[in-house]
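Okay, so here's the structure we're looking at.
The values are calculated or read from the model by the stated rules, or taken from the named source; none is laboratory data. In this text, all values refer to a predicted model and were calculated from it rather than measured experimentally. Backbone-built Cβ (ideal geometry, glycine too); neighbour counts: all protein chains shown.
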Amino acid sequence: MHAEDLERPIGDLPLGEPVCVRPDTRVRDAVRTLQQGRIGCVLVTDDDGLILGIFTERDVLRRLATLGAAGGDLPISEVMTARPKVLHADDSIVYALHEMHIGGYRHIPLTDGSGRPVKIASVRHMVDYLAERLGVRDAGEANS
Amino acid sequence: MDRHAVQEDLEQFEEELDREDTYLPQVALEISVEELHLRNHETIGPDASIQGAIDAMLAANIGCLPVVENDRLVGIITERNILHKVAPDFERMDTRTVREVMVLEPVSVRHDASVASAIRLMHEGRFRHLPIVDAHDHVEGTLSVRNIVEYVVDHFPAEVLNLPPTPVERNPIQSREGA
């Protein structure tokens, strides 16, 4: 693995597709979306598709563990993290790693030029890329 | 694959890594998981409540706790476990126990394994966390994917990290954890 491997654009990686909900979505339904999609976050977008916030697994524990069952009925706009950090497809992989590191983020949305989400980069994607550059085979190949 | 076979497989993997390569493999080979000096040493017992586990995770700012009983690793409990097995039934979090939702006999990593081996285990097993154990299977802490990210960033040339990647106006950085 060379330093240049980490200077490639983040948009080159096979990242996740964003799952978006409306700001009036109830927390209970957003949690169900996380469960059913087996995803770590949903994005909250407005009528124009612009990102208003992000709601993650950690938020489920943090918000609902303190609010209790009643928290499930709140609109997600009240518990999301507003104006999350975003990246662009031409930002470098190492820049994404750096942002995840200093911000403590596990997920960062990628937006297009107009601020609409196009992908989700997660620490999992980063570790998968590092593993690939280290020559680790995919689990499927390892078992075949 | 049993634990002994996993250990042998990892040792072979480390031997086969390209030592002539210029950047990460050499560094990754030289550093063991133990040498990362991780701060995550929290564990929990199987009879603790889910609420207790959540409180401990949030206090330690970590998404996973090794479950230890009689000084032995018996499971792990993660944010995702709780999300899938408990939420949104939050009424009963203080009566349900860790034992009910924990993952049994989790894959762990030895404290003297290399970071490269840990990356491989996480990649192949789709794990975000690995309990770290000593030679006697005593739990020493938890390795997370975020620790790996920190490790890579810490070893990347500072001049690259300090360069703004694109002259695009960005949202202000939020002061938060765990997005």
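Taking region A:88-110 as the range and being of a type in the set (A, V, I, L, M) and either surrounded by fewer than 22 Cβ atoms within 10 Å (Cβ to Cβ) or at pLDDT 95 or above (or both) as the test, the residues that pass are A:Ala89, A:Ile102, A:Ile108, A:Leu110.
Considering only residues in region A:6-27 that are charged (D, E, K, R) and farther than 16 Å from A:Ala121 by Cβ, the one that is nearest to the other protein chains (Cβ to nearest Cβ) turns out to be A:Arg26. Restricting attention to region A:109-123, the residues that are out of contact with any His (no Cβ under 9 Å at 6 or more places or on another chain) and polar (S, T, N, Q) add up to 1.
Filtering region A:30-45 to residues that are surrounded by 14 or more Cβ atoms within 10 Å (Cβ to Cβ) and out of contact with any Cys (no Cβ under 9 Å at 6 or more places or on another chain) leaves A:Ala30, A:Val31, A:Arg32, A:Thr33, A:Gln35, A:Ile39, A:Gly40, A:Cys41. The set of residues from region B:95-131 being more than 10 Å from every other protein chain (Cβ to nearest Cβ) and in a loop (DSSP other than H, G, I, E, B) comprises B:Thr95, B:Arg96, B:Met102, B:Glu105, B:Pro106, B:Val107, B:Ser108, B:His111, B:Asp112, B:Ala113. For A:Asp73, the criteria (1) surrounded by fewer than 24 Cβ atoms within 10 Å (Cβ to Cβ); (2) at pLDDT 95 or above hold in every case but one, which is (2).
Among the strands (runs of 3 or more DSSP E) lying completely within region A:28-144, list those that include at least 1 residues that are within 7 Å of chain B (Cβ to nearest Cβ) and closer than 18 Å to B:His123 by Cα.
Values: elements: A:41-45, A:51-56, A:107-111, A:117-122.
Ranges flagged: A:107-111.
Selection of region A:4-27 for residues being in a loop (DSSP other than H, G, I, E, B), out of contact with any Gly (no Cβ under 7 Å at 6 or more places or on another chain) and not acidic (Asp, Glu) yields A:Arg8, A:Leu13, A:Pro14, A:Leu15, A:Pro18, A:Arg22, A:Pro23, A:Thr25.
Can you tell which of B:Gln51, B:Gln26 is modelled with pLDDT under 90, among the polar types (S, T, N, Q), farther than 30 Å from A:Leu6 by Cβ and surrounded by 15 or more Cβ atoms within 10 Å (Cβ to Cβ)? Write out each step before concluding.
Working: B:Gln26 fails: farther than 30 Å from A:Leu6 by Cβ.
Among B:Gln51, B:Gln26, only B:Gln51 is modelled with pLDDT under 90, among the polar types (S, T, N, Q), farther than 30 Å from A:Leu6 by Cβ and surrounded by 15 or more Cβ atoms within 10 Å (Cβ to Cβ).
Residues in region B:33-73 that are under 13 Å from B:Val101 (Cβ atoms), without any contact (Cβ under 8 Å) to a residue 40 or more places away in the chain and more than 11 Å from chain A (Cβ to nearest Cβ): B:Val67 only.
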